[in-house]
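Read the figures in this text as sums done on the coordinates, not as results from a lab. Quantities reported herein were computed from a predicted structural model and do not represent experimental measurements. Cβ placement follows ideal geometry from the backbone for every residue including glycine, while neighbour counts extend to all protein chains displayed.
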Amino acid sequence: MTARMAAGRPAPSETEPASRPAVVEARGLSLVFQTPDAPVTALSEVDLTIRKGDFVSLIGPSGCGKTTLMRVVADLEKPTSGSILVNGVSPEQARLDRAYGYVFQAPALYPWRTIERNVMLPHEIMGQPAAQRRERARRYLDLVGLAGFERKFPWQLSGGMQQRVSIARAMSFEPALLLMDEPFGALDEITRDTLNLHLLRLWEKTGITVIFVTHSIPEAVFLSSRIVVMSPRPGRILEVIDSDLPAGRDLDARETPEFLEVARRVRVALRAGHSYD
């Protein structure tokens, strides 16, 4: 794999995968929803290992179980069969340990609270001292490039800036894992490109493990160290594709032969999935 450097140190994915601890480990994971007319199998026999420092994108057609798989990791859904560990413990324990941050498709900010107070809210609920939660909010707003906006309200910010506030709030817990469910899907292409670049720099800087749901092949290839291609429902893993695009890349990397080759492999796997029997 091509050597990667970020901020003068090896990027998270440079270390050999086997030497990095597993953050998520799923074996034979299946989930069946009971509905009034017939059961719906959302996930079927999913085997997946995500290691510390990975940026993993889940990609597949609508309804293939990408978000469901992420919700199982977050203990928002319970699997019907199989096993899953998050940081070596059950998803429920990982949730209680606040071991992950979750960024939803919409920013979910309270319009009557300032940006700073939106980031502070979970820590306020947990009873942290005011000075501590303010310092943490300002530190992570600075990390996502929003220093100086602490006193603004959500309605005074663009959609992209609001989503950065959501990322700052999720990261303010200093989790080992960041779960992102199509966070840029509703944004225009220019804003989406900007946030892709910002998120990539954030990952390179912090080394946090990321699971990212997307429908976009270019987005998945640009951001990820590994791309998990899923089949139409019932959701199965068709292929896991490694990407060794260099760290520090900019948006022009999307025109390189290396990028186009990884994108081709993802496209071929998705196409094969539609004929999966």
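Annotations for the structure displayed:
- Relative contact order, whole percent, for region 218-277 stands at 38, derived from Cα pairs under 8 Å and 6 or more residues apart.
- The relative contact order of region 110-174 comes to 45 percent, based on Cα pairs under 8 Å that sit 6 or more residues apart.
- The DSSP beta bridges internal to the chain are antiparallel in roughly 50% of cases.
- Region 110-174 - Kirkwood radius from inverse mean 1/r over Cα pairs (Å): 11.4
- Set of lysines with alpha-carbon distance to Lys205 below 23 Å, sequence-local pairs under 8 removed: Lys52
- Using the Cβ-Cβ distance between Asp97 and Ala186 with R0 set to 41 Å, the FRET efficiency from 1/(1 + (r/R0)^6) comes to roughly 0.85.
- When the chain is treated as a Gaussian network with alpha carbon springs shorter than 10 Å, the biggest mean-square fluctuation among Ala131, Ala38, Ala108 belongs to Ala38.
- Computed over the chain: relative contact order in percent, which uses C-alpha pairs under 8 Å that are six or more apart: 25
- Our Cα-only numbers for the chain put the radius of gyration and Dmax at 18.7, 57 Å.
- Positive-end extreme of charge dipole, the chain - chosen from Leu76, Leu121, Leu109 (charges on Cβ): Leu121
- Region 111-131 residues near the modelled Gln156 label - backbone nitrogen below 19 Å, point 7 Å along Cα→Cβ: 111-121
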